[in-house]
Amino acid sequence: MCGIVAYNGQKQAAPILLEGLEKLEYRGYDSAGLAVRDGEGDIEVVRAKGRLKVLAEKTNEGKSLKGDCGIGHTRWATHGEPSENNAHPHESLHAEVVAVHNGIIENYQEIRSKLERHQYTFYSQTDTEIAVNLIEYYRHKYDETPIGALRRAMMRIRGSYALAVLFKDRPGEIYLARKDSPMIIGVTEGESFAASDAPAILKHTRHVYYIDNMELACLSKGGVTFYNIDGEQIEKEITEITWDAEAAEKGGYEHFMMKEIFEQPKAVEDTLHSVCDGQEIDLKDIHLDEEEIRSIAHITIVACGSAYHVGVAAQYVIEDLSRIPVRVELASEFRYRNPILGENELVIVISQSGETADSLAALREAKRQGVKTLGIVNVVGSSIAREADNVFYTLAGPEIAVATTKAYSAQLMAVYCLAVRFAYVRGKINKEEYKKYIDELSALPEKISKSLEDKERLQWFAAKFGNNRDIFYIGRGMDYATCLEGSLKMKEISYLHSEAYAAGELKHGTISLVEKGTLVIGVSTQNELYEKTLSNMIEVKSRGGYLVGITSYGHYSIEDTVDFTIYIPRTDSHFTTLLTVPSLQLLGYYMSVNKGLNPDKPRNLAKSVTVE
């Protein structure tokens with residue numbers, strides 16, 4: 001959520017900041033603003049409610065803001081409604097400090113009361129304005145340097161934040177502070193950058209630093225100095241981002257989401273090849289050796305949203321193949337219920353961004369209890385990647401659309417690889433079966449491409465049935481996990497009410513919602529459950545529902561029951577989710593476009609949920 005960009009260099013800052021903010025639009029926002037320091041040292045702030053084009057118009061595409069040092073922000077409302085007053089950047093009472101902020105300050109009311117006792121007044125409803133004034137207050141009270149004032153503020157603030165700060169009396173410098181909200185720093189000759197995410201700065205540099213929790217930094221022109229919370233200067237290693245800016249462009253597609261749907265075969269193939277040479281699945285780079293795999297007594301998978309649905313599918317696959325007990329937890333619930341984690345347990349945390357607040361908190365709770373952790377993440381250098389004991393990187397590349405597609409599929413491939421390797425090492429499958437599963441995993445990218453060839457039929461269907469009020473998804477076993485993700489895709493980008501149900505639960509209440517014309521999507525790809533699921537679909541049909549059936553080629557009897565059929569290529573039953581979900585992604589996409597919506601930027605949603 002929200003986006004930060006900072007620039008300090010030789011060029012005019014405002015156009016660079018606007019361009020960087022445009023690259024972060026996918027994070028979700030309702031207002032935006034810039035603060036730029038001119039040659040005299042004065043800081044000019046411009047804020048606007050609405051899309052970035054409003055801010056661009058107010059600043060003549062940034063040309064009316066003169067200066068080579070500045071900060072920019074796109075805000076997604078937390079404290080205070082979307083408005084120009086509540087937009088960032090925020091200025092302190094005496095205009096000595098200007099800052100932008102991602103995150104939430106939990107004790108802002110307490111700090112506000114303290115500042116009001118010292119005659120501070122406020123123009124906005126935001127927690128960020130409180131932080132800006134607290135920094136100014138500490139500079140005055142203790143005659144602090146910028147780093148000293150920021151340190152004191154960090155010790156007082158509870159919550160999460162990434163801060164980019166300008167001090168009126170320190171021209172040519174931008175100060176940064178971080179706790180639990182992402183921040184990346186880039187440097188090149190004569191210029192330095194900071195941003196919430198890499199796409200904002202990739203056009204300018206691929207050499208970046210990751211600032212850790214409770215650390216600070218000062219950006220000069222072409223340089224950066226890091227400090228720990230004690231104010232001591234520290235050294236950081238520079239990292240090169242291997243994917244380039246073009247990977248984050250639309251490449252001729254109308255929307256990022258469609259581009260990313262069709263990038264799934266490559267994302268899946270690259271993720272597989274990172275651990276598998278076609279003969280063997282090798283987890284040595286993940287630091288899971290055979291002894292550790294054999295010692296695992298229980299697995300807990302913790303995640304949010306689509307990553308949680310990956311966990312649900314993983315539970316079926318890992319338990320069936322490796323016979324390790326698995327439970328799947330919503331990270332937002334896990335962190336608050338004092339979970340019981342046992343000896344020889346492995347906690348797997350799944351997150352595309354590696355910054356999801358609840359998932360990160362779950363990881364820290366597992367580590368506090370001394371349990372081994374594995375992060376499955378898509379972003380190198382993210383918080384979960386740095387803090388987990390082991391990391392399995394998915395190689396999906398940058399995912400810009402808010403609704404995940406290729407990152408979800410890459411995560412599925414990651415857990416499939418874990419399941420097959422665990423099963424073989426623990427002696428639950430033999431060498432021949434092991435090779436058979438690897439061959440099937442290797443065939444999945446091409447089969448995903450095959451499943452996407454049905455897009456014209458799905459586009460026709462969406463045009464005909466896009467105005468349905470309610471949509472229900474039903475399935476059993478791994479097909480139920482598929483339904484969860486299909487339903488989420490539908491509701492988050494088309495704004496249609498959709499729900500996923502285990503097909504066997506229909507008669508326990510849900511079937512009362514089915515009436516003439518109700519759209520029901522039945523997923524039935526599991527051979528051993530095919531007839532049972534088909535029986536549930538017949539019950540829906542008998543009550544007037546319009547029935548869509550999704551199954552593997554060969555199950556042609558389904559056409560006697562359903563009104564519209566979607567076929568996927570045949571594969572081992574453990575892996576069908578990876579072939580079924582792309583069709584459901586396309587269906588949600590076309591439903592959204594048919595309604596005139598932008599599937600890349602669904603309302604009220606952010607790409608990375610870095611606050612509770």
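The values are calculated or read from the model by the stated rules, or taken from the named source; none is laboratory data. Owing to the predicted nature of the structure, the values given are computational and were not obtained by experimental measurement. For neighbour counting, all protein chains shown are included, and Cβ atoms are generated from backbone atoms with ideal geometry for every residue, glycine included. Please note that ligands, DNA and RNA were not included when accessible areas were found on the heavy atoms of the full protein model with its side chains. Shrake-Rupley method; radii C 1.70, N 1.55, O 1.52, S 1.80 Å.
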What number, in percent, do you get for the relative contact order of the chain if the mean sequence gap of Cα pairs under 8 Å and at least 6 apart is divided by its residue count? 12 percent
Mean accessible area per residue over segment 464-553 (1.4 angstrom probe, all protein chains present, square angstrom) is 39 Å²
For Ile538, project a label point 7 Å along Cα to C-beta. Then give me every residue of segment 476-511 with its amide nitrogen under 19 Å of that point. 476, 503-508, 511
What label, among (i) 26.3; (ii) 24.8; (iii) 25.5, belongs to Kirkwood radius over Cα pairs in Å computed from the structure on display? (iii)
Inter-part gap, Cα centre of segment 55-125 to Cα centre of segment 154-216, in whole angstrom, is 17 Å
Could you work out the helix-only [θ] at 222 nm for the chain, with each DSSP H run of four or more residues adding -39,500 (n - 2.57) and the total divided by the number of residues, to the nearest 500 deg cm²/dmol? -11000 deg cm²/dmol
Nearest-0.05 FRET efficiency for Thr145 and Gln119 at R0 = 30 Å, using Cβ-Cβ distance, is 0.80
In whole angstrom, and with the biggest value first, how far do the Cα coordinates of segment 494-581 range along each principal axis? 34, 29, 23
Rounded to the nearest Å, the spacing of the alpha-carbon centers of segment 456-532 and segment 253-322 is 25 Å
So the carbon and sulfur contribution to the accessible area of the chain, 1.4 Å probe, in percent, is 45 percent
Spin-label zone in segment 204-238 - amide nitrogen under 11 Å from a point set 7 Å from the Cα of Lys11 along the C-beta vector: 204-205
How many nm is it between the label spots at Glu254 and Lys236, if each spot is 7 Å from the Cα in line with the beta carbon? 4.1 nm
In Å², rounded to a whole number, the accessible area per residue of segment 384-438 with probe 1.4 Å is 28 Å²
Where the convex hull is taken over the Cα atoms of segment 200-298, what is its projected area averaged over directions, in nm²? 11.4 nm²
Under 13 Å from the 7 Å Cα→Cβ point of Asn527, by amide nitrogen: which residues of segment 551-571? 552-555, 570-571
Added length on full extension, which subtracts the Cα-Cα distance from 0.36 nm per residue, Thr510 to Trp460: 15.2 nm
Once label points are set 7 Å from the Cα along Cα→Cβ at both Met214 and Asp320, what is their separation, rounded to one decimal in nm? 4.5 nm
What distance in nm separates the simple spin-label points at Thr225 and Gln279, each placed 7 Å from Cα in the Cβ direction? 5.5 nm
Probe 1.4 Å, all chains present, heavy atoms only: Lys266 accessible area in Å², nearest 10, is 130 Å²
Report, ordered by chain and residue number, the lysines lying within cross-link reach of Lys516, taken as a straight Cα distance under 20 Å and ignoring same-chain residues fewer than 8 apart. Lys464, Lys507, Lys541
Accessible area per residue, 1.4 Å probe, Å², for segment 13-126: what's the number? 41 Å²
Leading residue at positive end of dipole, the chain (Cβ point charges), from Val581, Ser449, Thr242: Val581
Note, ³J(HN,Hα) from phi for segment 436-452, Karplus 6.51, -1.76, 1.60, rounded to Hz, x at Gly and Pro: 4, 5, 5, 4, 5, 4, 5, 7, 5, x, 5, 6, 4, 4, 5, 5, 7
